[in-house]
Amino acid sequence: MGRGRRWRRALLGTLALGAIAAPAISAGCVAGFDPPSLVDGLRVFAVVADKPYADPGEEVTFRIHYQDGLGGPEDGSRPVTVYWFGGCENPIGDDYYGCYPQFAELAEKFDAWQRAGDPTAPLPDLNGVRPSIGDTYTIKIGEGILDGRKPPASGPAFGSAYVFFVACTGTLGPVQDQGTGRAGTFPVACFDGEGRRLGPDSFVPGYTQVYVFEAEADPEDGAEERRRNANPALDGLKFDGDEMSEDVATLAEATPCPIDAEERREVGCNARDPIDECRTYTIEAMIPEDVAEGDPDAKLQALKEIVWVNYFADLGDIDGGIKLVSDASRGYLGDHAVTWIPPAEPGIATITAVVRDTRGGSSVVQRLVRVK
């Protein structure tokens with residue numbers, strides 16, 4: 001795929017998480033493993049922008065959705081700090097790592113700000129955009145983001161603004177570039193109280209990207225307008241066909257599975273199959289049939305954007321963690337439910353669904369299940 005057309009792909013680039021499909025839990029003779037749908041460390045599910053496509057000078061707000069699944073119910077969640085860095089637009093090559101030199105310089109200044117210990121001191125900025133700490137972040141797209149931008153082989157000229165996020169259970173600090181590939185090393189890392197660098201279950205860096213398109217003439221009335229993209233609708237979750245409540249007093253309930261997590265990962269053809277031996281439940285995201293928008297670059301205007309849903313659980317197992325919701329040519333697909341196998345011990349399980357489209361839109365819903 002050419003560089004000018006890569007904006008049609010999904011745009012959340014989590015740098016520490018790569019799995020997009022969860023193999024079946026019942027793996028027969030295949031070696032055991034923890035499925036990607038299991039939340040057993042710090043996991044960033046999505047960064048949702050209120051405007052996946054924006055206009056020059058427009059403000060865009062991002063909200064991060066994450067969960068720390070490390071440790072048991074008695075341990076509690078660790079404190080997680082989310083850092084945001086913006087201000088990089090149209091980097092060389094239109095690649096996220098083209099922002100690294102600017103980002104590394106900003107990270108050094110941010111580290112000095114942290115070490116100074118004066119929360120009243122102004123934060124350093126990158127091209128007028130300051131870092132931030134918290135679960136949300138707002139940037140203003142540059143007025144000149146389209147200046148000098150040439151259109152690709154197909155479609156209008158576009159610019160892009162990159163925002164980097166870091167979820168960390170320790171303290172953020174800069175690192176020297178040790179990479180040998182084109183991307184190099186992510187410029188910051190997470191450290192514990194003794195200065196030791198933390199691993200991917202305690203540190204999740206990533207980026208998200210907002211596109212700005214040159215205005216186009218509408219083929220019907222000739223009016224100039226820019227491309228927009230709405231986040232896909234996600235209305236809730238169903239548990240065995242019933243809508244799951246947000247009220248903790250009326251949570252869905254499940255029966256524990258007598259096969260514990262260690263047994264579920266056993267290797268060998270004689271391993272017990274939890275799907276056959278346990279009471280399982282269906283989980284289904286409530287997604288409307290009109291979730292997919294039209295593809296503005298399709299030669300056949302009947303084609304739609306592709307939409308899919310990922311499922312995650314911090315207790316128990318999900319059999320097949322990804323489902324296609326809407327196909328480009330076939331449209332909406334009715335069956336996107338998955339099977340959830342409860343854990344062996346009682347507790348409160350968190351079920352997460354993330355719906356994404358191929359133009360950078362996403363939506364997240366979480367619900368709880370009481371295992372008793």
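Only lysines eight or more places from residue 238 in sequence, or on another chain, were considered; those with a Cα closer than 21 Å are 323, 372. In region 278-356, the C-alpha radius of gyration followed by the widest Cα-Cα span (Dmax) gives 15.5, 53 angstrom. A full extension of the chain between residue 290 and residue 270 corresponds to an added length of 2.7 nm, given 0.36 nm per residue minus the alpha carbon distance. Given R0 = 25 Å, the distance between the Cβ atoms of residue 95 and residue 115 translates into a calculated FRET efficiency of 0.20.
Among DSSP bridges having both ends in region 244-372, what percentage is antiparallel? Round to the nearest 5.
90
Tell me, in nm to one decimal, what length is gained between residue 370 and residue 201 on full extension, where the rule is 0.36 nm per residue of separation less the Cα-Cα distance?
58.3 nm
Inter-label distance, residue 246 to residue 329: 4.0 nm, where each label sits 7 Å from its Cα along the C-beta direction.
Highest first, please rank the peptides 54-66, 202-214 by the mean number of other Cβ atoms sitting within 10 Å of their residues. Walk me through the numbers before you get to the answer.
Values: 54-66: 17.5, 202-214: 22.2.
Put in order of decreasing packing, that is 202-214, 54-66.
Computed from label points 7 Å out along Cα-Cβ, the spacing between residue 61 and residue 136 is 0.3 nm. For region 100-233, the alpha carbon positions stretch 64, 38, 35 Å along the principal axes, listed from largest to smallest. Multiplying the residue separation of residue 260 and residue 194 by 0.36 nm and subtracting their alpha-carbon distance yields 20.2 nm.
Each reported figure results from applying straightforward, stated rules to the coordinates on display, with no laboratory input. Please read all numbers here as calculations on a predicted model, not as lab measurements. As a convention, Cβ positions derive from the backbone with ideal geometry for all residues, glycine included, and neighbour counts pool all protein chains shown.
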